[in-house]
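**Q** The following block contains the structure, expressed as structure tokens.
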């Protein structure tokens, strides 16, 4: 049969010569390779001192955003909870009182906002559903913990810290 | 007078014992770090800086684990196995000369625990006894795989002992004395080292030392993939630690023996030309010996991550059909060269 592509390799199965039968030259060659690898730079990433960078579209931990004046954007409309396929989000809404105009943007706000990180699948549908641009998945990955109840993140872990709008813009 | 000698020797014994244990413990860390570096990764580096507290963590783990003795195992022999292995590993370091004599005041302290005139024979006897530890441990485990591992380990050990003994005979024809102190004293300087006189003998001895310590490429009795751990599969916690420690101590003592017999022991180049006092020569000699020993230990580990494991029949083939004829040829060659040298060049 003719060969269609020229990729056939013919192995030479000659009996080994004296030097090959001794195995010592090949052992020395192998030792050379090993010792070269001893001095090469290592590929390990020493977590937690070094971290691998996340890709641009990585969906990490959630954070509830604030607007330019530092007021929480979230109005507890419940669209994120409705869109969550894993039913991980739950909230209890409350009405904004007289002296709290600097804290919350609109009259309704989320008094209790909880995401169960064990249920969350980090799909980002809550981010797509939010009409107020209040929730974004821009954090790092969820780290390990010992108890199940420590994975229910409340507002203390989810709301982003206050920042100075003038400084960053 | 006698009390002084007893105290001096006891102190030397304690120092040698502690150093042996410390080096064996840190060889476990060195093994893992060197293995890591050769595999493009870091070894353990979480326990202390550069992982230096890792052997302590391992020791702690071994202390806290549960001691299991399997149901059908023979209790006395089960405990006797690792005990014998550990004892024979430790007492083999008694005849190695660690340095020349220290002169403190008017006392001359020799840095060798027992300067017997059959030093090499003692070493071989103790190494042969080490086989008992492995055999008893595997038999007493009441486990098919342990027994297979034990049988293989015992047959491997006794096969390669013959090769070792024959290569030593050729060395004896050159040195003329069994005492390790005499052998080292004949190798003063650099050009007198026995490696230049007996290269083939050294190669045979090296291969047999690898086989005696059950190190790769001869570690069929105890690897995980072939025999599920071999003779130490039923052991947990301290007894397993003894087996593993005995292997590292054997490695250390084999390295010391090779350095002593072939590489000049505590001699270093230009040792008498620098005009140093006796104590300084001794101290530098001890440091030189330890550098050689660490070089050999690194060589053991280097070979481990380079060469694949031998199959059992290849192992036996190498021991009986290749090394023994080579060693006998080495003896004959040494004899011929010695006669020629004495007849024509003396």
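**Q** Do you know which residues across the stretch B:179-208 are under 20 Å from residue B:130 (Cβ atoms) and surrounded by fewer than 23 Cβ atoms within 10 Å (Cβ to Cβ)?
**A** B:206, B:207
**Q** Can you name the number of the only condition in (1) out of contact with any helix residue (DSSP H, G or I) (no Cβ under 7 Å at 6 or more places or on another chain); (2) surrounded by 14 or more Cβ atoms within 10 Å (Cβ to Cβ) that residue A:91 fails?
**A** (1)
**Q** Go through the residues of the stretch B:272-281 one by one and say whether even a single one is part of a helix (DSSP H, G or I), at pLDDT 90 or above, within 30 Å of residue B:191 (Cβ to Cβ) and in the same structural domain as residue B:149 (by TED's automatic domain parsing).
**A** For the stretch B:272-281, residues part of a helix (DSSP H, G or I), at pLDDT 90 or above, within 30 Å of residue B:191 (Cβ to Cβ) and in the same structural domain as residue B:149 (by TED's automatic domain parsing): absent.
**Q** Something else: List the number of the failed condition for residue A:139; all other conditions in (1) in contact with a helix residue (DSSP H, G or I) (Cβ under 8 Å, 6 or more places away or on another chain); (2) surrounded by 11 or more Cβ atoms within 10 Å (Cβ to Cβ) hold.
**A** Checking residue A:139 against (1) in contact with a helix residue (DSSP H, G or I) (Cβ under 8 Å, 6 or more places away or on another chain); (2) surrounded by 11 or more Cβ atoms within 10 Å (Cβ to Cβ), the one that fails is (1).
**Q** While we're looking at this one, here's another question. Please pick out the residue among B:78, B:37, B:17 that is in a helix (DSSP H, G or I) and within 14 Å of chain A (Cβ to nearest Cβ).
**A** B:37
**Q** With respect to residue A:85, is the statement that it is within 30 Å of residue A:116 (Cβ to Cβ) and part of a loop (DSSP other than H, G, I, E, B) true?
**A** yes
**Q** Looking only at the stretch A:16-37, decide whether some residue is over 30 Å from residue B:317 (Cα atoms), out of contact with any strand residue (DSSP E or B) (no Cβ under 8 Å at 6 or more places or on another chain) and either touching a residue at least 60 places away in the same chain (Cβ under 8 Å) or within 14 Å of chain B (Cβ to nearest Cβ) (or both).
**A** yes
**Q** Now for a different question. In the stretch B:31-41, how many are free of Cβ contacts under 8 Å to residues at least 12 places away in the same chain and either within 20 Å of residue B:297 (Cβ to Cβ) or assigned by TED's automatic domain parsing to the domain that holds residue B:306 (or both)?
**A** Number of matching residues: 2.
**Q** Just one of the numbered conditions (1) surrounded by fewer than 17 Cβ atoms within 10 Å (Cβ to Cβ); (2) in contact with a helix residue (DSSP H, G or I) (Cβ under 7 Å, 6 or more places away or on another chain); (3) more than 30 Å from residue A:37 (Cβ to Cβ) is not true of residue B:272; which one?
**A** (2)
**Q** I'm trying to understand the selection: among the residues of the stretch B:43-62, which are modelled with pLDDT of 90 or more and at the interface with chain A (Cβ under 10 Å from one of its Cβ atoms)?
**A** none
**Q** Filter the stretch B:41-68 down to residues that are touching a helix residue (DSSP H, G or I) at 6+ places or on another chain (Cβ under 6 Å) and not in a helix (DSSP H, G or I), then give me how many there are.
**A** Residues meeting the conditions: 7.
**Q** Next up: Restricting to the stretch B:88-108, give me the number of residues that are surrounded by 15 or more Cβ atoms within 10 Å (Cβ to Cβ), touching a residue at least 40 places away in the same chain (Cβ under 8 Å) and not in a loop (DSSP other than H, G, I, E, B).
**A** Going through the stretch B:88-108 one residue at a time, the tally reaches 7.
**Q** Output the residue which, of all residues in the stretch A:41-70 that are out of contact with any helix residue (DSSP H, G or I) (no Cβ under 9 Å at 6 or more places or on another chain) and facing chain B (nearest Cβ under 9 Å), is nearest to residue A:161 (Cα to Cα).
**A** Per the criteria, the residue is A:46.
**Q** Of these, B:294, B:290, B:299, which one is within 14 Å of chain A (Cβ to nearest Cβ) and either assigned to a helix (DSSP H, G or I) or touching a helix residue (DSSP H, G or I) at 6+ places or on another chain (Cβ under 9 Å) (or both)?
**A** Of B:294, B:290, B:299, the one residue that is within 14 Å of chain A (Cβ to nearest Cβ) and either assigned to a helix (DSSP H, G or I) or touching a helix residue (DSSP H, G or I) at 6+ places or on another chain (Cβ under 9 Å) (or both) is B:299.
**Q** Can residue A:74 be described as touching a strand residue (DSSP E or B) at 6+ places or on another chain (Cβ under 7 Å), outside any loop (DSSP other than H, G, I, E, B) and either within 14 Å of chain B (Cβ to nearest Cβ) or modelled with pLDDT of 90 or more (or both)?
**A** no
The values are calculated or read from the model by the stated rules, or taken from the named source; none is laboratory data. Everything numeric in this text was worked out from a predicted model, so none of it was measured. Please note: Cβ atoms are built from the backbone with ideal geometry, for glycine as well, and neighbour counts cover all protein chains shown.
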